[in-house]
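To keep things clear, I will list the structure first and then write my remarks on it.
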Amino acid sequence: MDRRIVIARAVASEAWISIKANKLRSFLTTLGIIIGVCAVVIMVAAGQTVQNMINQQLSGIGANLLIIRPEFTTQGGLRGGTQSIIRTNDADAIRNVRNIIAVSPMVMTTRQIAYKSQNFATQLIASTTDVAKTGNYEIESGRFFDERDMRGAVPVVVIGSTIQQELFHGADPVGEVIRIGNVPFTVKGLLKTKGQGIGGQDQDAVVLMPITTFRRRIFGTRIPNRVQMIMAQVSDERFIEEAKLQIEVVLRETRRLKPDAENDFIIDNMTEMLNTIRSVGLYLSVLLASIAGISLVVGSIGIMNMMLVSVSERTREIGIRKAIGAKNSSILMQFLLESILISFIGSMVGMVLGIGLGQIAGAVMGYAVPISYMTVLLAVAVAIVVGVAAGIVPAMKATRLDPIEALRYQ
Amino acid sequence: MSAKLPPVIKIASLHKTYYMDGGQNYPVLHGLDLKIEAGEFVAIMGPSGSGKSTLMNILGCLDKPTRGEYYIDGVLVSKMNQDELADVRNQKIGFVFQGFNLLMQRSIIDNTKIPMMYLGLTGAEQDERAMKALAHVKLTGFETRLPTQISGGMQQRVAIARALVNSPSLLLADEPTGNLDSKTSDEVMKIFTDLNREGKTVVVITHEPDVARYAKRLVYIKDGLIKYDGDVKKFKAGANG
């Protein structure tokens, strides 16, 4: 075997022996790294959990959405003053704008629904078939209402999983008939579960139906064609701003606004808002991890401190080793390896502990806490970086000792 | 007839001056010439401040001369770099110190193995040689003890075993009996005598005439110069110092 490899192995074993020789001190030093890595791992997991929750909550909203809603004044928390009206023909106009792939005029209200002896108050959304895209609804079983349902104002609904639980106790609702008021509706489809929304509301307590059906069978026609808002989906994020301007032009025309009149509608760019919310989540993760990182820095200072003390204490040993033939590289390696070993052990234990505590906390609080390979990479990187950073100065100090002086040291 | 071996030690006009921070110079050795052949047993004596410790550090390759040349086994070592000197210390020189200089947290056998570790010998070779060296100094059975669990004389014998394991050209002992009582001193010096009889070159630095008497040849240093170099029995301190 290569002589250098044999020496390297022997030096590594010397490093391990001296860690074992000072068990308590090595343990306490390792504890600093364990706590540091554990804290970082937990904070990264917490940050990811928060981000996952945000993403899940935002899943109720389709990608690249523009939302058109009436301009109205609010005073003292009460809706007042004049309020413009958004109509389905506005939605029809928007449909012709370039890069718009889905438009859904929305009517939202709360209604009591009933199935046999069960009844439940829920949100009712009436829209076009496009709402599947703009509202990011996916079908679990059955099907969504289609154009034919729209044209015929057929009494069909698609329901969320909460409704399935409340009215059907989890049984397959497709084909069953529920009642809204006195009107019977056939359940055509069951939506996939979405979970909580941004405001904490249950996104699965929802009943969807064609807007035509809603008009004819539920709402009546006090203000014909009135909707609360229109959701418009753009094909690509790049075209959002352009589409927004186009919609503004088209709506002013459709609504016959005079050139000097202000817009009587508002166009919200949801993507912008979502990005802001997501970036808040990201900043939160980074902030949490950074704070935990401070404890890691403190831990690594602990290693450096221990190594410096160790070098001072072992001045004579270093002198002896040099006198009987240790090269500077062997001394450097021995002390560097000691520091790397301590930080490696600390990082691994900290990682396992952090993942474990994260999972336990997640289980207790009822959140799915992700375990990412990033965490493992992070722990290994920390082990090496901290070990080398904390060990290099003490190791250099050991290497520079003059053997004559070191042998004289008492 | 085999060709004559080069001397184990050859120094020529060796000077050592210490340069202090304040710009002062302290010349310690003023041009020494010395040749020690293989198989010799030499005592180097001198009063405090004579420069014998400085000479010992240079002979042991722990320090470099300011001027002059130093050869071990015919190889010029006075111009070597740190790593080359470490190899020379490891392979050519067996150190025995006054304070034993064992690693106190390591067993007797581990202490004996350290020079072999830096030589790059495998575990099996290390074990074999260490056991042999410990047997040589009559410490068989004490392998797993710690230095604190044996007497000073035994510790010094461990140090001698450690000095022997890499089969060095030169055994260099610095006041090897300085920390021992007279009976133990005798035992330790007898080991050196035996080793010398087996062919080892031994150099002992001491200020004790009783210790020097075990050697055949005496080199007496005073004020950085060799004042006497000859038969140990013919030396009279007063006459030559």
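The condition (being over 19 Å from the mean Cα position of the chain (by Cα) and within 19 Å of B:Asp174 (Cβ to Cβ)) is satisfied by just one residue among B:Val8, B:Val28: B:Val28.
The residues of region B:37-58 that are hydroxyl-bearing (Ser, Thr, Tyr) and either within 14 Å of chain A (Cβ to nearest Cβ) or free of Cβ contacts under 8 Å to residues at least 12 places away in the same chain (or both), listed by number, are B:Ser53, B:Thr54.
In this entry, A:Ile266 passes the filter for residues that are surrounded by fewer than 17 Cβ atoms within 10 Å (Cβ to Cβ) and not in a loop (DSSP other than H, G, I, E, B). Taking region B:129-241 as the region of interest, the strands (runs of 3 or more DSSP E) fully inside it that hold 2 or more residues being in contact with a Leu (Cβ under 6 Å, 6 or more places away or on another chain) are B:201-206.
Per the conditions (1) of a type in the set (Ser, Thr, Tyr); (2) at pLDDT 85 or above; (3) farther than 21 Å from A:Trp16 by Cβ, the sole criterion not satisfied by A:Ser347 is (3). Among the residues of region B:98-118, those that are facing chain A (nearest Cβ under 7 Å) and either under 21 Å from the mean Cα position of the chain (by Cα) or buried (at least 23 other Cβ atoms within 10 Å of the Cβ) (or both) comprise B:Asn101, B:Leu103, B:Ile114, B:Pro115, B:Met117, B:Tyr118. At least 3 residues being of a type in the set (S, T, N, Q) and away from chain B (no Cβ under 14 Å) is the threshold, and among the helices (runs of 4 or more DSSP H) wholly inside region A:270-380 those reaching it are A:270-313, A:328-365.
Answer with yes or no whether B:Leu76 is over 27 Å from A:Ile320 (Cβ atoms), of a type in the set (A, V, I, L, M) and over 15 Å from the mean Cα position of the chain (by Cα). It is false that B:Leu76 is over 27 Å from A:Ile320 (Cβ atoms), of a type in the set (A, V, I, L, M) and over 15 Å from the mean Cα position of the chain (by Cα). Looking only at region B:175-217, count every residue that is farther than 12 Å from B:Ala43 by Cβ and among the acidic types (Asp, Glu) and tell me the total. Total satisfying the criteria: 5.
Taken together, the criteria exclude A:Gln112 from residues that are part of a strand (DSSP E or B), in contact with a Ser or Thr (Cβ under 7 Å, 6 or more places away or on another chain), modelled with pLDDT of 90 or more and surrounded by fewer than 21 Cβ atoms within 10 Å (Cβ to Cβ). The residues of region B:76-97 that are surrounded by 22 or more Cβ atoms within 10 Å (Cβ to Cβ) and facing another protein chain (nearest Cβ under 8 Å), listed by number, are B:Ala86, B:Arg89, B:Asn90, B:Phe95, B:Phe97. Among the residues of region B:129-144, not a single one is within 14 Å of chain A (Cβ to nearest Cβ) and surrounded by fewer than 18 Cβ atoms within 10 Å (Cβ to Cβ). Which residue out of A:Ser295, A:Ser279, A:Ser300 is of a type outside the set (A, V, I, L, M, F, W, C) and over 20 Å from A:Phe344 (Cβ atoms)? Testing whether each residue is of a type outside the set (A, V, I, L, M, F, W, C) and over 20 Å from A:Phe344 (Cβ atoms) leaves just A:Ser279. Taking region B:108-132 as the range and being small (Gly, Ala, Ser) and at pLDDT 95 or above as the test, only B:Ala130 passes. Within region B:44-103, the set of residues being in contact with a strand residue (DSSP E or B) (Cβ under 6 Å, 6 or more places away or on another chain), among the basic types (Lys, Arg) and under 15 Å from B:Lys16 (Cβ atoms) comprises B:Lys52, B:Arg67. Here the strands (runs of 3 or more DSSP E) wholly within region A:1-96 that include at least 1 residues being modelled with pLDDT of 85 or more, surrounded by fewer than 19 Cβ atoms within 10 Å (Cβ to Cβ) and of a type outside the set (A, V, I, L, M, F, W, C) are A:65-70.
Only one of the numbered conditions (1) in a strand (DSSP E or B); (2) without any contact (Cβ under 8 Å) to a residue 24 or more places away in the chain; (3) acidic (Asp, Glu) is not met by A:Glu248, and that is (1). Hey, does region B:60-70 have a residue that's facing chain A (nearest Cβ under 7 Å), among the charged types (D, E, K, R) and over 14 Å from A:Gly325 (Cβ atoms)? Yes, region B:60-70 contains a residue that is facing chain A (nearest Cβ under 7 Å), among the charged types (D, E, K, R) and over 14 Å from A:Gly325 (Cβ atoms).
Only one of the numbered conditions (1) within 18 Å of A:Ala102 (Cα to Cα); (2) without any contact (Cβ under 8 Å) to a residue 60 or more places away in the chain; (3) assigned to a loop (DSSP other than H, G, I, E, B) is not met by A:Ala132, and that is (3).
The values are calculated or read from the model by the stated rules, or taken from the named source; none is laboratory data. Remember, predicted model here, so these are calculated numbers, not experimental data. Don't worry about glycine lacking a Cβ; one is built from the backbone with ideal geometry, like all the others, and counts go over all protein chains shown.
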